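Only one structure is covered here, and it is reproduced in the block below.
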Amino acid sequence: MLTTEMNTTRLIEEVRDEVEAARARGLRVGCVPTMGALHEGHLSLIRRARQECDYVLTTIFVNPTQFGPSEDLSKYPRPLETDLSLCREEQVDLVFHPDESTMYPPGESTVVDVGGLDSIWEGAHRPGHFRGVSTVVAKLFNIVWAHDAYFGQKDYQQQLLIRRMCKDLCLPVRIQTCPIVRDPDGLALSSRNVYLSDEERQSALALSQSLKLAREQLAAGKEPSAVRAAMLEHLNGTSNVAEQYATVADAETLEELDHVRSEMVALVAAKVGSTRLIDNELISLE
Ligand code: PAF
């Protein structure tokens, strides 16, 4: 694999200097924010940034403020050395991997709340999660000064919320959303998949299967309420799976739909064993 000179830093000032120098050379700067434990999904974001930008920066920071008290912050995987070599292989120019005290210095008290979108679906099941996400992403954007930032469609609500935040706060960064990467059997890649036992991994296929069901039934003319019921039945009928929500929503507002629209998104979240997984599929009817 081709490798390139890659810098790494924990320091905000160093990021600012490097990005300013890149911009002064007329380079387009792309940023891929991550929490590490990089998999093919993240690498697809980096590759897209590499294609579209001249200078690619990846951030690796397991952001504590987006984890609830009963969530998996302490056991979240942190394979930094492996992540850095993957970034090197993908010819990333700079990896910013700050300490917690750099991102959240003592006494800091400002948060970013994106109203509305932050309290439904994921927001309802993970109170405070999106406040943590929007706050850290706003900080990262203020540190990195990128032209483009790359997010996965897998976190569909997250990318909508970040788009909303950028629009509302006039942040001059273009949000690029990249397709979900799946294993051949349909399971959406996630850093949390490593927690699944073999049996649970099999059960986890119920998520992507319920989305396929939604796509097929909507295409066959069924109304969203009937489709939702079928998704729930499929999830509830699978061992190890405890559904949290399954819905067909407007692709922009995430409002639950009674009648089909041209642009819809099917969303699903479930616990598989003790691992919480999400998945989604954009569905447009001609
Ligand atoms: O999607 C993620 O990995 C995180 O939510 C993000 C955007 C890096 C913020 O911590």
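So what's the gap between the Cα centers of segment 225-257 and segment 145-193, to the nearest angstrom? Each part's Cα centre sits 21 Å from the other's.
Seen from VAL144, the other residues with C-beta closer than 15 Å to its C-beta sum to a net charge of -2, counting Lys and Arg as +1 and Asp and Glu as -1.
Over all projection directions, the Cα-based convex hull of segment 1-153 averages an area of 9.7 nm².
Among residues other than GLY186 with Cβ under 11 Å from its Cβ, the summed charge is -2 (Lys and Arg +1, Asp and Glu -1). Counting protein heavy atoms only, segment 226-286 has 47 percent of its accessible area on carbon and sulfur, 1.4 angstrom probe. Both radii were evaluated on the Cα set of the chain; the Rg over Rh quotient, with Rh as the Kirkwood radius, amounts to 0.97. Only Cα sites of segment 18-71 enter the Debye sum here, all with the same form factor; the resulting log10 I(q)/I(0) across q = 0.13, 0.15, 0.16, 0.19 1/Å is -0.42, -0.52, -0.57, -0.72, listed in q order.
Under 27 Å of direct C-alpha separation, and excluding same-chain neighbours fewer than eight residues apart, LYS139 reaches these lysines: LYS75, LYS154, LYS167.
As I understand it, the value is the acute angle between the Cα axis of helix 40-52 and the longest principal axis of the Cα atoms of the chain; what does it come to in degrees, rounded to 10? Result, in degrees: 50.
In the chain, the longest principal axis of the Cα atoms and the axis of helix 156-168 are about 50 degrees apart.
With a Förster radius of 35 Å applied to the beta-carbon distance between SER225 and ASP185, the computed FRET efficiency rounds to 0.75. Of the peptides 13-24, 245-256, 213-224, the ranking by mean beta-carbon count within 10 Å, highest at the top, reads 245-256, 213-224, 13-24. Report the net charge of residues surrounding ARG47, where surrounding means a beta-carbon distance below 15 angstrom and charges are Lys +1, Arg +1, Asp -1, Glu -1. Residues near ARG47 contribute -4 overall.
What's the FRET efficiency of GLU14 with GLU108 using the Cβ-Cβ distance as r and R₀ = 25 Å, to the nearest 0.05? Between GLU14 and GLU108 the formula returns 0.80. Using a 1.4 Å probe on the protein heavy atoms, what percent of the accessible area of segment 1-99 belongs to carbon and sulfur? Heavy-atom surface of segment 1-99 belonging to carbon and sulfur, 1.4 Å probe: 48 percent.
The values are calculated or read from the model by the stated rules, or taken from the named source; none is laboratory data. Since the model is a prediction, treat every value here as computed from it, not as a measurement. All Cβ positions, glycine included, derive from the backbone under ideal geometry; neighbour counts span all protein chains shown. Surface accessibility is based on the protein's heavy atoms, side chains included, excluding ligands, DNA and RNA. Shrake-Rupley method; radii C 1.70, N 1.55, O 1.52, S 1.80 Å.
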